[in-house]
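Remarks on the structure that follows.
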Amino acid sequence: MQTVTVPALGPELLLEELGEVRVRRLQQIGEIVQQAMGTHMQLHVNSTAAGGGVAEMLHTLLGYARGAELDIRWMTIDAPAEFYGFTKQLHHTLHGVDVGLDPEGGRELYEGVLRAQRDDLLASFQPGDIVILHDPQTAGLAEVLVEAGARVAWRCHVGTAHQNNNTERAWAFLRPYLKGIPIIVSQRAYLPDWADIAETFEIPPSIDPLSPKNMDLDPAFAREILQAAGLLSDGTAHMVTFTRRDGSPGRIEHAADVLQAGPPPPVDAQLIVQVSRWDPLKDMAGVMEAFARYVYPHNDSHLVLAGPNVSAVADDPEGAEVLQECMAAWGELPAAVRRRVHLACLPMLDADENALLVNALQRVASVVTQKSIEEGFGLTVAEAMLKARPVVATRVGGIPAQIVSGETGILIDDPHDLAAFGSAICGLLAEPAWAEELGRRGQQSVSEQFLPDRHLQQWAELILHLVGPAEST
Ligand code: UDP
């Protein structure tokens with residue numbers, strides 16, 4: 001297993017975003033949890049330190065928790081590609097999609113890989129410590145941890161409210177590992193019917209307003225960042241430097257790998273942006289088709305579909321395949337449409353650089369989309385809303401918990417309705433004042449509901465539950 005280093009982030013850093021009352025409350029929560037935990041520590045275990053929403057969130061939340069003086073650690077498992085192939089299938093099946101999962105066929109591989117983590121894991125905590133396991137990849141570690149005296153909970157970041165045979169099959173696979181373990185989900189509706197209500201928690205995710213992904217960027221600087229990475233062009237070269245959170249200097253030095261017919265969009269182009277992993281459930285190909293059929297004919301906008309460089313996300317073996325499919329679909333577009341559709345693989349060699357590229361893309365976008373077929377929560381939606389961007393997204397999973405359609409963004413009821421999706425985008429592009437108003441209201445809503453203080457307060461409640469009344473008084 002690998003240990004991930006998490007630098008502490010003092011809650012006072014959030015003063016400007018949260019205000020004094022909320023920051024003080026955050027500090028008090030830290031004190032309460034610290035007292036309840038005594039000499040014990042909290043260990044988080046997941047499958048990857050970079051790429052995807054879970055890693056993103058852990059960097060932030062664990063950082064603020066450490067800033068509040070809590071003893072928190074983070075470890076990732078070591079697993080071969082076939083393990084991630086299986087858990088990716090499990091992930092899709094938990095979303096209700098039939099991908100031919102053979103649960104019993106995969107059980108031996110799954111348990112064998114997790115058994116191999118045992119020694120590292122057991123050497124990493126003391127009885128009484130709290131261990132939070134994240135996602136299906138780590139659920140099978142619960143038993144060994146409990147036997148060794150850890151207080152364990154399992155946080156599932158995926159799920160759907162539309163339970164069907166597939167979700168039942170995936171949950172049936174996980175069930176033996178979760179006996180007596182509190183389960184945390186983003187929405188209660190994602191829970192299987194056998195979950196013990198007293199041992200379940202609903203904790204929606206949050207985003208960090210100060211991370212390189214979300215921090216305020218001057219619009220001109222955002223454009224320069226994108227120019228330096230080859231995502232926008234004004235025909236000149238750009239050298240962009242920035243300061244990292246730890247104060248060290250950084251530079252945008254890796255270009256994005258972009259499939260496009262001609263130059264990148266001009267700096268003043270109206271951009272429609274979707275940032276997602278290359279995953280079938282994010283439906284990048286559907287965004288492209290909707291753009292080609294229903295947006296391209298009505299304005300001069302460009303579409304940028306951006307995802308991580310596919311070789312970089314260890315637990316996402318499907319990425320390359322989905323990207324290939326998108327590239328093939330791009331190749332089938334009429335030549336004129338192709339000139340306005342850009343498929344970008346963002347460099348992942350430097351996490352801050354990658355985050356700044358995402359930030360800049362979301363910030364300069366005229367419209368941000370999230371056309372998911374299923375979605376656990378959809379951090380990209382909150383990220384765009386925090387930047388006051390108007391968002392067009394599908395009414396699936398956690399997205400409607402973030403957007404009130406027509407007030408703080410636009411929701412498309414049927415994720416396969418390309419015409420409605422395209423028409424919502426065109427409406428926003430045609431009416432910038434309305435788009436701005438939606439964006440502004442979206443920003444306000446995210447600031448109230450999806451920032452780290454709300455999230456840490458709910459974590460604190462979970463920790464107090466795990467520690468138990470005797471020690472938490
Ligand atoms: N992301 C990123 N770089 C990329 C693509 C995505 O940093 O090239 C981030 C994105 O900004 C968001 C997260 O990955 O923070 C994706 O989280 P989300 O909940 O939207 O979807 P998930 O990938 O967890 O299904």
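The values are calculated or read from the model by the stated rules, or taken from the named source; none is laboratory data. Every value quoted in this text rests on a predicted model; they were computed, and no experiment measured them. Counting neighbours? That spans all protein chains shown, and the Cβs are built from the backbone with ideal geometry, glycine included. Note: accessible area is taken over every heavy atom of the protein model, side chains too, but ligands, DNA and RNA are not part of it. Shrake-Rupley method; radii C 1.70, N 1.55, O 1.52, S 1.80 Å.
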Members of the stretch 30-62 that are of a type in the set (Val, Ile, Thr) and either without any contact (Cβ under 8 Å) to a residue 40 or more places away in the chain or farther than 29 Å from residue 123 by Cα (or both): 39
Has the stretch 381-395 got any residue that is crowded, with 18+ Cβ neighbours inside 10 Å, away from the ligand (no atom under 16 Å from the Cβ) and at negative phi? yes
So which of 360, 430, 435, 460 ends up being over 15 Å from the mean Cα position of the chain (by Cα) and either charged (D, E, K, R) or open to solvent by 20 Å² or more (accessible area, probe 1.4 Å) (or both)? 430
Every residue in the stretch 241-259 that is assigned to a loop (DSSP other than H, G, I, E, B) and more than 19 Å from residue 310 (Cα to Cα), please. 244, 245, 246, 247, 248, 252
Name the residue that is surrounded by the most Cβ atoms within 10 Å (Cβ to Cβ), counting only residues in the stretch 260-292 that are within 15 Å of the ligand (Cβ to nearest atom) and not in a loop (DSSP other than H, G, I, E, B). 274
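Mind checking which residues of the stretch 192-210 are within 16 Å of the ligand (Cβ to nearest atom) and of a type in the set (D, E, K, R)? Lay out the reasoning, then the answer.
Within the stretch 192-210, the subset within 16 Å of the ligand (Cβ to nearest atom) is 203-210.
Scanning the stretch 192-210 gives a single hit, 208.
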Is the stretch 397-416 home to any residue that is open to solvent by 10 Å² or more (accessible area, probe 1.4 Å), modelled with pLDDT of 95 or more and farther than 26 Å from residue 441 by Cβ? yes
Test: residue in the stretch 293-305 that is crowded, with 16+ Cβ neighbours inside 10 Å, under 30 Å from residue 396 (Cα atoms) and at pLDDT below 95: no
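Condition test on residue 73, is it farther than 29 Å from residue 306 by Cβ, assigned to a helix (DSSP H, G or I), open to solvent by 20 Å² or more (accessible area, probe 1.4 Å) and not aliphatic (A, V, I, L, M)?
On the way: farther than 29 Å from residue 306 by Cβ: yes; assigned to a helix (DSSP H, G or I): no; open to solvent by 20 Å² or more (accessible area, probe 1.4 Å): yes; not aliphatic (A, V, I, L, M): yes.
Taking the combined requirement at face value, the residue does not satisfy it.
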Can you find a residue in the stretch 134-151 that is at pLDDT 95 or above, under 20 Å from residue 87 (Cα atoms), β-branched (Val, Ile, Thr) and within 16 Å of the ligand (Cβ to nearest atom)? yes
Consider only pairs whose beta carbons are under 8 Å apart and that are at least six residues apart or on different chains; among these, list those whose first residue lies in the stretch 335-349 and is open to solvent by 10 Å² or more (accessible area, probe 1.4 Å) and whose second residue is outside any loop (DSSP other than H, G, I, E, B) and β-branched (Val, Ile, Thr). 345/258
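Residues 172, 237: which one is at pLDDT below 90, more than 16 Å from the ligand (Cβ to nearest atom) and either of a type in the set (Gly, Ala, Ser) or part of a helix (DSSP H, G or I) (or both)? Outline the logic, then answer.
Details: 172 fails: at pLDDT below 90.
The match here is 237.
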Cross-chain or 6+ apart pairs with Cβ under 6 Å, the stretch 269-290 first and closer than 18 Å to residue 257 by Cβ, then assigned to a helix (DSSP H, G or I) and among the basic types (Lys, Arg): 276/282
Of the residues that make up the stretch 196-213, is at least one open to solvent by less than 60 Å² (accessible area, probe 1.4 Å), on the phi < 0 side of the Ramachandran plot and without any contact (Cβ under 8 Å) to a residue 24 or more places away in the chain? yes
